[in-house]
Amino acid sequence: MKHVAIAAVALFCYVGAASAATLTPLQGQVLLNRGGGYQPISGTVEVKAGDSILVNPDGLAQLAYDDCAT
């Protein structure tokens with residue numbers, strides 16, 4: 001469970017490194033905050049600098065940057 005929490009923090013830290021990216025929830029609950037509070041997402045969404053991502057302990061998500069890095 002600690003590995004998932006660390007992954008969530010890593011996702012949060014790197015969102016600001018690119019101008020935009022896509023976030024795809026793969027398992028469990030994935031939430032996105034664009035300044036108005038965390039909201040669950042159920043499909044692929046675009047994330048931008050300043051957005052915050054939270055992945056619950058049973059969750060898994062993929063973050064793909066515009067430059068094709070994941």
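Within the shell defined by Cβ-Cβ distances under 15 Å, the residues around Ile41 carry a net charge of 0, with Lys and Arg each +1 and Asp and Glu each -1. Taking a Cβ cut-off of under 15 Å around Ala20, the surrounding Lys, Arg, Asp and Glu residues balance to a net charge of -2, with basic ones at +1 and acidic ones at -1. At full extension, Ser42 and Tyr65 could sit 6.4 nm farther apart than now, given 0.36 nm per residue minus the alpha carbon distance. Protection proxy ranking of 36-43, 52-59, by the mean of other Cβ atoms within 10 Å over each peptide's residues and highest first, is 52-59, 36-43.
No lab work stands behind these numbers, since they all come straight from the coordinates. What you see is a predicted model, and the numbers here were worked out from it, not measured in a lab. Every residue, glycine among them, receives a Cβ derived from its backbone with ideal geometry; neighbour counts consider all protein chains shown.
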